[in-house]
Each structure stands twice: as C-alpha cells, then as structure tokens.
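Comments concern the structure below.
Bear in mind these aren't lab numbers, they're just calculated from the coordinates by the rules spelled out. None of these values were measured; they are calculated from a predicted model. Neighbour counts are summed over all protein chains in view; Cβ atoms, including those assigned to glycine, are modelled from backbone coordinates with ideal geometry.
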Amino acid sequence: MNNLFDLSGKRALITGSARGIGNVLAKGLAQYGAEIIINDRDQQKADMAARLLVAEGYSATGYAFDVTQSVQVETAIAEIEKNIGPIDILINNAGIQRRHPFIEFPEQEWDDVIEVNQKGVFLVSQQVAKYMIKRSAGKIINIGSMQSELGRKTITPYAATKGAVKMLTRGMCVELAEHNIQVNSIAPGYFDTDMTEALVNDEAFSSWLYQRTPAARWGKPEELIGAAVFLASSASNYVNGHMLFVDGGMLAAV
Ligand SMILES: NC(=O)c1ccc[n+]([C@@H]2O[C@H](COP(=O)([O-])OP(=O)(O)OC[C@H]3O[C@@H](n4cnc5c(N)ncnc54)[C@H](O)[C@@H]3O)[C@@H](O)[C@H]2O)c1
C-alpha cells in the first residue's frame, strides 16, 4: 500500500501534450515513474517536448498524430503498441477553444471544436481501449472543464463538447469497467495557459474570476498533477466514471 501512487513500469500517452496542461501532466506522471509518449499534431513540437523530458532524466518519446483523423489515430496507436510498448494510461487532453457570440458562430468553427474536443476523445479512446481490453487493465482520463457543467457567453460549442466529455466518460466507464479499465475525467477550472492567455491578460475577466472563485485566484497547471496521478494509479482502481473538478471551488459557489 506504500506505492499506491507509483507509476513505475507504466506507459502514458497524453494527447496534445507538446505544451500547456498536457505538457505539465506529462512531466507530473513522469515524476511518478511513468514512461511518457508526447502526442501533438506537429512531430517537431512533440519531439522537442519529449527531448526536454529526457534531458531531465525521464523516459519520453514524441509521436505526432491528429486526434481527429481516424486512420492516423488507428495507425499511430498500433505502431506505438508494437514498437514502443503497451499504453497503460491514456489522457485525452487535446482541445481547442473558439469564441464568438452564439448567433454569429461560424459553422466551420463549430465543426472544428466538435472534431477535436469530442470526436478526438472517441477516436483515440476506442483504439487504445481495444488493446487495454486484451490486457484487462488500463486507465483513461478525459480532460473536461468547468464548461462540462456551466455555460458561458461566446463559447457554446466548447461547452457542448465538454458536456459531451462528461457523458463520454460515463458511457465508456459503463462498457469498459468490467475489463478493469477505469475511465474518469478531470475538469479543470480556470488555468493560466496559452489557451486562456487572452483572459489572463484581460483585467476585467481576472477580477471577475477572483470574485467568482472561492480560492480567489487562477489555477496553476501543476495543481492538476495530483488528480492525474490519482486517476492514473492503483489508488483509483475502484473509481469509475467520475469527473473530478479541480477548480478552486468555483462549481460549489454561485
Ligand atoms: N486552460 C484552462 O484553463 C483549461 C480549463 C479547462 C479545461 N481545459 C482543457 O485542458 C486541455 C488542454 O488545454 P490547454 O489550456 O493546455 O490548451 P493549449 O492550447 O495550451 O494546448 C492544447 C494542445 O492540444 C494540441 N492539439 C489541438 N488540436 C489537436 C489535434 N487535433 N490533435 C492533437 N493535438 C491537438 C495543441 O497543438 C496544443 O499543444 C484542453 O482539453 C482544454 O479544453 C483547459
């Protein structure tokens, strides 16, 4: 029981992890012993992020694919399983944001958000789960959001996809738990990353955030590592279909 959170000997694939939250989670899982596969759309960026981890003494490989492209995803997962090794942990982190008032939202941007944030989770999980089922073991962690529960002006498609991530998590849990695959979700509140740069730089938004969040501050991406290690490790072996909010208490408050 001393090693409940130990990830030694485990291999984790984290989508969209060349930067941002995914990159911080990659390093966090590596610190707990996991071998990391950095995924992003661009091979050079994935390789660079992997090299930085290796330079710090961790084990990491860059592997680019676009989570929205089913053929690329199927090929990539098969190659990773064959040439690098079994994927024990999958974090579906790749995500995009587009902002427009609802009545002006361009159809193409609606499609783009749905493809990455929703279909991407489906495609990658489906391929990875096939191999996990054969081994009767696996951890899948989907990155949700405050918008899995709360709406906000100008980001309706994003909220629709993050609400879907909550139900994808539950649906996958219902079918995969009997194979000893735990599917759960982490829902971050507001974290300071490239995705939220415009909001961080917007004084009015930040002061609203300080009032609205019981913790009265932005989250630091490192503060998501504990939840990820918990859900990736044997500490959560009977936790299934859960969405863990790491939000400074925002969801608890009106
Ligand atoms: N930053 C926040 O406050 C916040 C809050 C809640 C949820 N989230 C979620 O956390 C996740 C990471 O967000 P972030 O803030 O680090 O964003 P980010 O923009 O910094 O990083 C997202 C990464 O995903 C990659 N990506 C995008 N489309 C891809 C695709 N089709 N295939 C592969 N990779 C792709 C990008 O290249 C980028 O490296 C997202 O799912 C986001 O919705 C973020």
For the stretch 41-91 (alpha-carbon point model, no solvent) the Debye-based log₁₀ I(q)/I(0) at q = 0.19, 0.23, 0.27 Å⁻¹ works out to -0.70, -0.98, -1.16
Give me the dipole magnitude in Debye, nearest 20, for the stretch 186-254 about the Cα centre, with unit charges on the beta carbon: positive for Lys and Arg, negative for Asp and Glu. 300 debye
The chain, dipole about Cα centre (Lys/Arg Cβ +1, Asp/Glu Cβ -1), debye to the nearest 20: 520 debye
Equivalent ellipsoid semi-axes, the chain, via Cα gyration tensor eigenvalues times 5, rooted, Å: 28, 20, 19
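Please compute the Kirkwood hydrodynamic radius of the stretch 37-152 from all pairs of different C-alpha atoms, in Å with one decimal.
15.7 Å
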Straight-line reach from residue 220: which lysines have a Cα under 25 Å away, not including same-chain ones fewer than 8 places off? 27, 45, 139, 153, 162, 166
Could you point to the residue in 92, 20, 199 farthest towards the positive end of the stretch 11-248's charge dipole, with +1 and -1 charges on the Cβ of Lys/Arg and Asp/Glu respectively? 92
Taking the alpha-carbon centre of each part, the distance from the stretch 7-71 to the stretch 160-198 in Å is 18 Å
When you count, for each residue, the other Cβ atoms within 10 Å and take the mean per peptide, how do 237-246, 35-44 rank with the highest first? 35-44, 237-246
Distant-in-sequence amide H partners of residue 187 (H built 1.01 Å from N, under 5 Å): 144, 244, 245, 246
Rounded to the nearest Å, the spacing of the alpha-carbon centers of the stretch 97-122 and the stretch 130-144 is 26 Å
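What net charge is computed for the residues neighbouring residue 181, neighbours being all others with C-beta under 14 Å from the C-beta of residue 181, Lys and Arg scored +1, Asp and Glu -1?
+3
Which value results for Rg/Rh of the stretch 146-204 when Rg is the Cα radius of gyration and Rh the Kirkwood radius based on the inverse mean 1/r?
Ratio of gyration radius to Kirkwood radius for the stretch 146-204: 1.11.
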Going by average Cβ density within 10 Å per residue, which order do the peptides 103-109, 67-73 take, highest to lowest? 67-73, 103-109
Between residue 150 and residue 217, the two model label points (7 Å from Cα along the beta-carbon direction) sit apart by a distance in nm of 1.9 nm
With an 8 Å cut-off on Cα pairs and a minimum separation of 6 or more residues, tell me the relative contact order of the chain in percent. 19 percent
D (µm²/s, integer) via Stokes-Einstein for the stretch 129-176, Kirkwood Rh across alpha-carbon pairs, 25 °C, 0.890 mPa s: value 205 µm²/s
